[in-house]
Amino acid sequence: MFSDRDNTRESLSSSFRAMLLLITLMVIALGPAAATAQVRERIDRGVVALPVNERTVYVGWRLLKDDPENVAFNVYRKDVGLGDYVKVNDEPIADSTNFVDRSATGGHGYRYKVKTVNAGAERATKGEGYAFTLAGNQPWFSIKLRDPVTLKRVGIGDLDGDGAYDFVLQHPSFNVDPYHRPGYWKRSPEPYKLDAYSSKGKFLWRHDMGWAIETGTWYSPYMVFDVDQDGKAEVYAKAGEGDPRELDGHVLKGPEYLIKLDGQTGALQKKQNWISREGFESYNYWCRNFLTVAYLDGINPALVMQRGTYTIIKTEALDKDLEPIWTWASTGNYRNYRGQGQHGIMTGDIDLDGKDELVIGTCALDDNGVPMWRTGLGHNDAGYIADFDPDRPGYEIFYGVESRSPKNGVCLVEAKTGKIIWGYEGRTYHVHSQGMVGDLTDEYPGIECYAGEAKGGDKFFLYTAQGKRLSDKNLWGLAPRAVWWDEDEQKEICYKNKVIEYNGDERQTIEGKILIVADIIGDWREEIVTSLPGELRIYSTNTPAKTRRVCLMQNHLYRMAVADASMGYYNAPQVGFK
């Protein structure tokens, strides 16, 4: 672990010093709480209704941070086209945020809503679910797409300010990689499109990313988030101009931009230059682009652009007006940070100072753009921030390192310092893809860590949070997904389109390509969002649970990871301290 805090003064720009002074004066004036106040989304109750059979419907909803401690709920049902809403539960529901309605008459479409009960007073809340009982046991609902496309990625945010999450979909499901060996880079067959759909499935708008953006993960980041804090999410994306392709299809020149699109209409609102290609050795290196959001001052969301992974890395933070806050590059005094990047950016308050830091690989940048530490492990494929070990203070980071490593190719480090806590003592060749983390079994405290090798290696790793290796077998491939699905506190595993328990018992069959796992509707358990031709499908559990927990999207670390799902490799979100 190497520290570079002594270089803070040289790397701060004058504009950032002024902003830092202003924030300091605000904190002095408003008190210490100002530094940790973050604007939260105004989300609704997130009611979901899923048929179990012709006469039974599962209903789930959100517990919100602002709900009183002793809040209870009543569930109301309306036969579509007939009459008014009627209450279907006998007593207010106080021990969970779900209910199984066994009084449906069958063969109908029903709408459900939920009211809160506090100190004997009932109050209506926003959010409504729909179920069609003739669908049978169907733990999913879907959005039918305008075209018979399959999807590359999904971005999630409230585009219209109604409290429900909407979707910005990237298609087609095609990927080229800038790597120079045959079989990686291919000519783009058509430009990517971004299609926006409301939470109810209404098509809103389409943005054509154009021929200047090649159809691969590393060329085409976009972000859905309410950065300007007007209550409605915007869409930010990398963009170019015209058709700058060479005869072989490569895009080697031409202007590059960060653009802001109106979330409701898709109209272009603002444009700023993207980080330049200058200083990068080759096409393969300059084509690695990322875009994320972070609360760098603890109060306001900022956009963060990044270019580079394997050699030089350039990072720039922007305010809501797309004006620079700070810039950083792995050059000059920071040359030893070259090649320490990953296929994405992890955002979180890793030093617990109330402000977000950026883990850009096996190294971290402080909220002011100054490097905090580097492990020296090189480029990693897998990376997750979480409270892995509950007996250790603060967060930890689990790494799977792509670079050939004499040791610690799979390891856990202190998030605040980069100090290695434990690691695999042998040699690794290419610990590949996203890996997986999750509390899979109650036999060991904390979060288990899983990863595997590819391209020269054949090892697999399953560790406890304390570094005990539980298995060296290929249990779930290279990129399974952990998901909260049933009624207990442990996560299940989504592998080969099945949701299974740690012991192998099957819970649910899943169809389609998995795009994201996140708590986007219903109670605290997570949804599995998949792509099928012409369809976005959202799987949500219909298993009752006698537990309740605040909506995971109101957990800061978790929400930041969900925002990151539309750039780089997908890493499933983890719950933080608050």
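The values are calculated or read from the model by the stated rules, or taken from the named source; none is laboratory data. Remember, predicted model here, so these are calculated numbers, not experimental data. Glycine gets a Cβ as well: all are built from the backbone with ideal geometry, and neighbour counts include every protein chain shown. Calculation scope for accessible area: heavy atoms of the full protein, side chains included, ligands and nucleic acids excluded. Shrake-Rupley method; radii C 1.70, N 1.55, O 1.52, S 1.80 Å.
If you roll a 1.4 angstrom probe over the protein chains with everything in place, what fraction of the accessible area of the chain belongs to carbon and sulfur, to the nearest %? Carbon plus sulfur share of accessible area: 49 percent.
Charging the Cβ of each Asp and Glu at -1 and of each Lys and Arg at +1, and nothing else, the dipole of the stretch 376-465 about its Cα centre rounds to 540 debye. Computed from the C-beta positions of residue 105 and residue 80, the FRET efficiency with R₀ = 22 Å rounds to 0.95.
Karplus-based coupling profile of the stretch 537-553, in residue order and whole Hz: 10, 10, 7, 9, 4, 10, 8, x, 9, 8, 9, 9, 7, 4, 2, 5, 5, with θ = phi - 60° in 6.51 cos²θ - 1.76 cosθ + 1.60 and x standing for Gly or Pro. About its Cα centre, the stretch 188-239 has a charge dipole of approximately 220 debye under the convention of +1 per Lys or Arg Cβ and -1 per Asp or Glu Cβ, with nothing else charged. Sorting 269-279, 178-188 by their mean Cβ neighbour count within 10 Å, with the most densely packed peptide first, gives 269-279, 178-188. Each residue of the stretch 157-166 is assigned a 3J(HN,Hα), and the resulting list reads x, 8, 6, 10, x, 8, x, 10, 7, 9 Hz, derived from the Karplus form 6.51 cos²θ - 1.76 cosθ + 1.60 (θ = phi - 60°), x at Gly and Pro.
When the alpha carbon gyration tensor of the stretch 490-578 is reduced to an equivalent ellipsoid, its three semi-axes come out at 20, 18, 13 angstrom, largest first. State whether the stretch 42-103 is rounded, prolate or oblate according to the following rule on the C-alpha gyration tensor (a ≥ b ≥ c being the square roots of its eigenvalues): a/c under 1.5 gives rounded; otherwise a/b larger than b/c gives prolate, and the remaining case gives oblate. It comes out prolate by the Cα gyration axes.
Amide H contacts for residue 171 (H built 1.01 Å from N in the peptide plane; partners 5 or more residues away or on another chain; cut-off under 5 Å): 152, 193, 195. Taking the Cα atoms of the stretch 70-217, the ratio Rg/Rh between the radius of gyration and the Kirkwood radius comes to 1.14. Computed from label points 7 Å out along Cα-Cβ, the spacing between residue 184 and residue 547 is 4.2 nm.
Per-residue extension of 0.36 nm, minus the Cα-Cα distance of residue 427 and residue 69, leaves a gain of 123.8 nm for this segment. Heavy atoms of the protein chains alone define the surface here; on that basis the chain has 39 Å² accessible area per residue at 1.4 Å probe size. Put a dot 7 Å past the Cα of residue 454, heading toward its Cβ, do the same for residue 252, and the two dots end up 3.0 nm apart. Counting only alpha carbon atoms, the long axis of helix 14-30 and the longest principal axis of the chain meet at about 40°. For the stretch 218-375, the relative contact order is 15 percent, taking Cα pairs closer than 8 Å that sit 6 or more residues apart in sequence and dividing their mean separation by the residue count. Near the amide H of residue 507, within less than 5 Å, lie the amide hydrogens of 499, 500, 501, all on another chain or at least 5 residues away, with H placed in the peptide plane. Residues whose amide H falls under 5 Å from that of residue 270, counting only those 5 or more places apart or on a different chain, are 260, with hydrogens built in the peptide plane.
Would you kindly calculate the translational diffusion coefficient of the chain, applying Stokes-Einstein with the Kirkwood radius from alpha carbon pairs, for 25 °C and a viscosity of 0.890 mPa s, and quote it in µm² s⁻¹ without decimals? The calculation lands on 100 µm²/s. Please say if the stretch 133-177 is rounded, prolate or oblate, where rounded means a/c under 1.5 for a ≥ b ≥ c the square roots of the C-alpha gyration tensor eigenvalues, and otherwise the choice is prolate for a/b larger than b/c and oblate otherwise? Verdict is oblate for the stretch 133-177.
Would you be so kind as to identify which of 117, 161, 394 lies farthest towards the positive end of the dipole of the chain, taking Lys and Arg as +1 and Asp and Glu as -1 on Cβ and the Cα centre as origin? Farthest along the dipole direction, towards plus: 161. Magnitude of the charge dipole for the stretch 110-205, about its Cα centre and with charges confined to Cβ atoms of Lys, Arg (+1) and Asp, Glu (-1), is about 180 debye. Can you classify the stretch 492-540 as rounded, prolate or oblate using the Cα gyration tensor, where a ≥ b ≥ c are the square roots of its eigenvalues, rounded means a/c under 1.5, and otherwise it's prolate if a/b beats b/c and oblate if not? Since a/c reaches 1.5 but b/c is at least a/b, the shape of the stretch 492-540 is classed as oblate. The residue 245 and residue 509 beta-carbon pair, evaluated with R₀ = 56 Å, returns a calculated FRET efficiency of approximately 0.85.
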